[in-house]
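Report on one structure; see the data block that follows.
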Amino acid sequence: RVCTHILPFFLDLQLSYGLHPRLDFIVDLRFALQQDPVRYGVHEFALAPGVRYWLDQGVALKFYATGQAIYDYVDYSHVSKSDFALRNADGIMYDAIRNVGFFFQVGWTMGFARWYRLEVDAGLGVQVRFP
């Protein structure tokens, strides 16, 4: 049986640490802003550590790609509470000033532990960097 529906709106908070000028260690915390009506009205929460690779460095307009492993813990009552998934997001960022950048990204998530899922999302965001 195939179930298709719109992914509920969510907010990602991301912490990152620059390991190299082109490589960051990242951890996303995903909080669903809406209930998921198809999946019994629950709010998703997920933890997603991974890496971000910058294709360009030292320029105002730069491209990036991420690779993440997701741990999703939501109580659906009739299936396993834990799900594991892989995530990729590709984006473009414009640094308005040294410590502030604006970005647009498109991502996909593929889960396979609780049930097979494929989710596609797009987002806008602001990155604030502290030296």
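The values are calculated or read from the model by the stated rules, or taken from the named source; none is laboratory data. It should be emphasised that the depicted structure is a prediction, and the values quoted were computed from it without experimental measurement. Positions of Cβ are generated from backbone atoms using ideal geometry, with glycine treated the same way; all protein chains shown enter the neighbour counts. For the accessible areas, the whole protein counts, side chains as well, though only heavy atoms, and no ligand, DNA or RNA atoms are used. Shrake-Rupley method; radii C 1.70, N 1.55, O 1.52, S 1.80 Å.
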First obtain the Kirkwood hydrodynamic radius of the chain from its Cα pairs, then insert it into the Stokes-Einstein equation at 4 °C and 1.567 mPa s, and state the resulting D in µm² per second as a whole number.
82 µm²/s
Given contacts defined as C-alpha pairs under 8 Å and at least six residues apart, what's the relative contact order of segment 54-131, whole-number percent?
25 percent
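Given a 1.4 angstrom probe, I'd like the percentage of the accessible area of the chain that is carbon and sulfur, rounded to a whole number.
Accessible surface attributable to carbon and sulfur in the chain totals 67 percent.
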Based on the Cβ-Cβ distance of LEU118 and VAL51, what FRET efficiency does E = 1/(1 + (r/R0)^6) give at R0 = 35 Å, to the nearest 0.05?
0.95
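Taking 0.36 nm per residue of separation and subtracting the Cα-Cα distance, what length does fully extending GLN127 through LEU13 add?
40.0 nm
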Under 15 Å, Cβ to Cβ, from VAL51 - net charge with Lys/Arg +1 and Asp/Glu -1:
0
Considering only protein heavy atoms, what per residue accessible area in square angstrom results for the chain with a 1.4 angstrom probe?
63 Å²
Defining a contact as two alpha carbons under 8 Å apart and six or more residues distant in sequence, what relative contact order in percent does the chain show?
15 percent
Between ARG98 and LEU33, how high is the FRET efficiency from 1/(1 + (r/R0)^6) when r is the Cβ-Cβ distance and R₀ = 25 Å? Nearest 0.05.
0.25
